[in-house]
1. Please count how many residues of region 677-714 are within 27 Å of GLN52 (Cβ to Cβ) and either free of Cβ contacts under 8 Å to residues at least 60 places away in the same chain or not in a loop (DSSP other than H, G, I, E, B) (or both).
2. Pull up region 505-522, narrow it to residues that are touching an Asp or Glu at 6+ places or on another chain (Cβ under 9 Å) and touching a residue at least 24 places away in the same chain (Cβ under 8 Å), then point me to the one that is surrounded by the fewest Cβ atoms within 10 Å (Cβ to Cβ).
3. If you check GLU908 against the conditions, is it loosely packed, with under 14 Cβ neighbours inside 10 Å, modelled with pLDDT under 70 and in a helix (DSSP H, G or I)?
4. Residues that are touching a residue at least 60 places away in the same chain (Cβ under 8 Å) and in contact with a helix residue (DSSP H, G or I) (Cβ under 7 Å, 6 or more places away or on another chain): which strands (runs of 3 or more DSSP E) entirely in region 364-410 hold 1 or more of them?
5. Given the residues GLN148, GLN158, which is the only one that is exposed (fewer than 15 other Cβ atoms within 10 Å of the Cβ), among the polar types (S, T, N, Q) and more than 25 Å from VAL67 (Cα to Cα)?
6. Collect the residues in region 548-567 that are surrounded by fewer than 15 Cβ atoms within 10 Å (Cβ to Cβ) and touching a strand residue (DSSP E or B) at 6+ places or on another chain (Cβ under 8 Å), keeping them in residue-number order.
7. Can you name the condition, by its number, that THR612 falls short on among (1) surrounded by 19 or more Cβ atoms within 10 Å (Cβ to Cβ); (2) β-branched (Val, Ile, Thr); (3) at pLDDT 90 or above?
Amino acid sequence: MTFKYISSVFAFLLLLLPFVQSAEAQKKGNPLIRNFSPQEYNAHNQVWEITQNEDGHIYAATGTGIVIFDGEMFTPVQGAPLMVTKLFTTSNGKMYYAANNVFGEIVTNQQGLPSYSHLHQKLDSVSQNFSMPWNMVEYEDALWLSTQRRLHRYSDEQLEGINPIEHSFRGVFTVNSGLFVAEANTGLLRLNKNKRLEMAAGGEAFATDKRPDFLLPFDDERVLAGSVQNGLYLYYIEAADGKPRGTLEPFSNEINEQLKSAAISDGIQLKNGDYAIATATDGVFILNKAGEWVQKIDKQSGLQSNAVHSLFEDRQGNLWIALDFGFSIAETGSPISYYNTQNGLDRVVIEALEADNQLYAATTTGLYRKDGNGFIPLPGITAAVWDITKFTDPSSGKESLLAGNNFGLFWVDEGRTRELQSTFTSSLLQSSVKPDRIYAGTTSGLYYLEKNGATFSASKTFLEVGNPVRQILEDENGGLWVATQSDGLRYVSPDFDTSSVKTYRKTEDYFVAYNASMQWIEGELFVSTITNFYKYKKAEDTFVEWRSPGLDEQQMLGIYRFHYENGTLWVGANRQRQHTTRIDSVFSTSAKASSAPFTALPSGNILSINETSNGILFSGLSGILQYSESANSTSKVSLPSPQIRSVEVFADSTYSIPPNFSGLPEVPYNRKTRFRFSNALPWFGSQGALEYRYRMQGLDSEWSAWTDNHVVEYTSLWEDEYTFAVQARNREGEVSAVAEYAFVVSPPWFRTTWAYMGFALLFMGMFYGAVKSVNQIKTRRLESFNRELEQKVEERSAEITKQNEELKRLNEEKSEFMNIATHDLRSPLTGIQGLSQLLSSPERTLSSDEVRQYGQLINDSSRRMSALINNYLNVHRIEHGNIQPNPQPISLGHTAEKSTIRFKLQAEKKKMELQVHHAKEEDPVILADLSLTEQVLDNLISNAIKYSPLSSSIKIIVGKNGEFGTVTVQDQGPGITKADQKKLYQKFSQINTKPTGNEVSTGLGLSIVKQLVEIMDGDIWCESEPGNGAAFTVKLPLASKVSA
C-alpha cells in the first residue's frame, strides 16, 4: 500500500512539473539525403568544393583530384592526380580549378574526356608562389581568384595579379554589383572604377574577428556577412533605414549562437531566397531572411559527417555538401521533409499536431514535443497516445493541447501536463458550437468535459455505442458524427441524448462498418473506408459512392486516410496505394492525381493527416512526413535529355567512338561485333533509381521495357544505317526527351557495291572468255588428249621401271636373306646331325657325362636355330604391321632382372658377371608391352654377352629421364666406331666387331629392337668409342606421364 501510494503521488507530481519550452525550432524536418562515400567515388575522403558543368554533371574536388558524377557513374578528370580545393564554373560554361600554387582550366582532351590544363604557368616564377587559394568569383567577364598572397584576374587568356595592401588576402566576393576582397588585419576592400582596391565604407570593422567568410545578397542596400567567430551580420553597402553606408550590425536570427559555436565555414543563398550556412562541426543550417530557422542538416538527419567544407546548389535546387568524409546531396528544394527515429521519435506516430506554436507527436510509446530539430518525450504521458487535439480557450484565444491514451485524458498547457480523466481515451474533439466543451471517445462510448475557469469538469452523461470510438466530427448544429472501430458510424443529436443515436453500418448502397475516416468538405460529409469513398446525402439520409469527375476508377481506389484543403485532396499511403497522393481540383473534370514528390520515400501506411503553419503533416508507420510548399519554394526544373556517355565496339579488337563524333561513324561488319551504349541522365535525387528504355531504329520497331540498367548492348547488326535512341524517366514518372546516336555498319568488302560491280565484270569477262574459247577448246581437246596419253604412257613406264627396280631390290634382299638364313641355319643343323649320329651309333658306348654334354650341345644348337627363326619371323611381322603392342604398367627394374636371370647360364659359360643397377634406388613403372620389352632386353643382353671378352662385367642400369624410364646395357667389349654406329639398326648389317665366342650374328637383332621400341613410343641410342665398350640405352614412357 505504501509503495503504491508513493508511486501515485510521484506520478502526479511528475505531471505537474513544467517542461522547458524550446527557444527555437526548425520549420522543416530532415531533407531527403544521399551520401557518397570515398569507396563509391574512388578518391580521397576530403571533398573541398563541388560545382556543375554545362552538361549538368557534378564535379567534386577531392584530396586526390576531381571526380565527375553524371547521375550513374563516377569518372576522374584525366591527368596527374593532385589535391584540388577550389572549383568554379563561369557563366559561359568554363570550369576552373585551384590548389596550392596551382590554377587551371578543365578542358576536353583528344579522346573527348575532361582533363587538367594548368594556367598558373603563365605567371613568372615569383608570382607562381601564391600559396593556398581562398575562392573564385566571376566579375565583369573575368575570373577572379583570391589566394593568400595575390588576387588574380584571368580574362582573354591573360593572367594578372594584384598584391595585398598590407597583409594577406582572405577571400573575394561579388555581391550587389560590386567586387569585395577581405584582407587580414586590414578589413574589407572594394574594387573601384579604376580597377584598384580601396577600403570599402566601414570596411575596417572586418579587420579582425568579423572577417567575412562569405558575403551574400540580402536586399538592394544590404548584404549578409558570415564570420567564423561572430556569426551573421548585415553590412550596409548603401545608406538605408536612417543608417549610413558602411554600417555593420548583427543579423537577428534564431541560431546565431549555434553558428558561432559551430564555426561557419561557408554560406550560399538558395534559389528560393533562403540561406544555407555550413559549419565546421555542426552540419548545415538553413534560415530565411526573417532569421527563422528553416532546417538543419547534420548526422542526426542522415548526413555522414558534421564537418562541412563548402556548399553548392544545382539546377534542380538540390544542395550538395562537401564534407571531410565524402559528400552528400540534400533535396532542400523539395517540399518534402520528415521526422523519424533519427529525431528522437520512438516507434509509430499515430498523429502529429500543432498547438500554441509547438509541434506534438502522438506515438505508440507516448507524447513527444518538437525541440530544435528533434523530439523529446513529455513526462507522465506514456503508452500509446491514440488522439491529440488543439484546444483554443474561447475567452482568451490561448491554445493548449489535449491528449488521450490508454490511461486517461491529459491536458498540456503552459509547460505543464495535467491528468483530466483516468478513462481510456481514443478520440477527442473541441466543439465549435459550444467551444467550452471537449468530446472524448472511449472503448465503448462517448462523454464530454467542459472548461470551467482554470480546469475542466466531466459531464455525468455517458453515451454508450458499444465499440471503440475512432473519430468524432461535429455538424453546424452541434450534432456529432462518430466513427467506431468495427461497428459503423453513429449520429448523435445536438442535445447529446442517448435515445437519439442513429447507426449506419451497411446497406445496398454503402458499407461503412470498419475503420471509417470522415471530413467535412465544403459543407458536406465525406467518408472513406479502405475499399470505397462515400458522400453523405442528407436529404435521403444515406451514403452514396463518390468519384472525382476528372479521375478514373483506378485512381480513386485506396482513399482511406485523407485531408481536404483549398481544392486539394491529400490521400495517405496504405496497402492499396503505395505512395501518398495529391489530387488537385478534385471536384473538377481537370482533376489531376500525382504521387510526386512522395515517390522519393519508401511506402508506409499513413494514419493521420493534419495541416499546420509549416505545411501538411502525414503521420504513420515511418514517422512524420512534412509537405511544405511555400511561395518561395524552388521552381520545378524540367527533366533534361539523357546523355549517351560512351559507345564501345567489341570485335576482333575493342575501341570506343566518341559520342560527339562529327559525321556518321562507320563500323565494319563482323558477326561477332557487340555495341555497348552507356547512358546517363544528369538528374539527381536522394532516392529512387532512374529508368531507361531503348530502341535501335533499323532493328527495333518498338521501345524496350523500362529498366534501371543504364548500359545496353546489341549484337549481330547487319550492314545498314542505324540510330540508337534512349529515353529516361525519373522516380516521379517524368519522361525525358529522346537522345539519339546515328552510325553505319558497313558491309564486308565482298558485299560492297564495288565488289558487286567487280563480280559482274568478272562474270562478263568469264562468259566472253568461255564463248571465245569454245572453238579453241575443241581443237585443244584433241591435242590435250594426245599429250595426256603420252604423259600417261611416260608415267606408266616410269612406274613399271620403279616397280622393276623395287622387285629387283626385294629379290636381292631375298637372295641375301636366303644366303644368310642358309648359312646361319646350316651350322647349328650340321652340329645337331653330327651329335645325333654319335648318340645313335651302336659302335660306340658313351658315358652319361658324354650323353649329357652332347645333349647340351644339341640344345644349344636348337636354341640358336629357334632364335634365328624368331628373328626372321619378327622382321616379317614388323614389316607387315602385324605387331600390336598391349601397353600396361610394368616395373622396368623387375623386367630387367628377369631378363638377366634368363642369360645367367650363358654368361657363366664366358665367365661374365651380369649386374643390375638402380639409379637413385628408383624402379620406374613404364607403360609398355611386357613381351616386347622382354624381347628388347633379351636382344641387348645377348649382344652384350656375344661381343664382350671373357671374364668381363656387363651392367644393366635402370633409371628415369624426365617423363621416361630408361634401361642401359653397358658392356666392356671392343667398342663400335662412328662409321659402324650409323648402320647399327639396318637389316643384315655387319660391323667390324666380331663375337668373342664365335657366336652367329644375323644383323637383325638391333633392327628389330629399334622398331619394337618405336612401336611403344620410345627411343634407343648407342654411346661407344673404340676400345671402351658400348652402352645401349632404351627409354620408354612412364605410366604416370601417360595417365596425366
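1. 15
2. Filtering region 505-522 for residues that are touching an Asp or Glu at 6+ places or on another chain (Cβ under 9 Å) and touching a residue at least 24 places away in the same chain (Cβ under 8 Å), the one surrounded by the fewest Cβ atoms within 10 Å (Cβ to Cβ) comes out as ASP509.
3. no
4. Output list reads 374-382.
5. Selected residue: GLN158, the only one of GLN148, GLN158 that is exposed (fewer than 15 other Cβ atoms within 10 Å of the Cβ), among the polar types (S, T, N, Q) and more than 25 Å from VAL67 (Cα to Cα).
6. Listed by number, the residues that qualify are GLU565, GLY567.
7. It is condition (1) that THR612 fails.
Residues are listed down the side, and each one gets a yes or a no for (1) out of contact with any helix residue (DSSP H, G or I) (no Cβ under 8 Å at 6 or more places or on another chain); (2) among the aliphatic types (A, V, I, L, M):
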{"site": "ASN272", "(1), (2)": "yes, no"}
{"site": "THR279", "(1), (2)": "no, no"}
{"site": "VAL294", "(1), (2)": "yes, yes"}
{"site": "TRP320", "(1), (2)": "yes, no"}
{"site": "SER328", "(1), (2)": "yes, no"}
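The values are calculated or read from the model by the stated rules, or taken from the named source; none is laboratory data. Bear in mind the structure is a predicted one, so any value in this text is a computation, not a measurement. All Cβ positions, glycine included, derive from the backbone under ideal geometry; neighbour counts span all protein chains shown.
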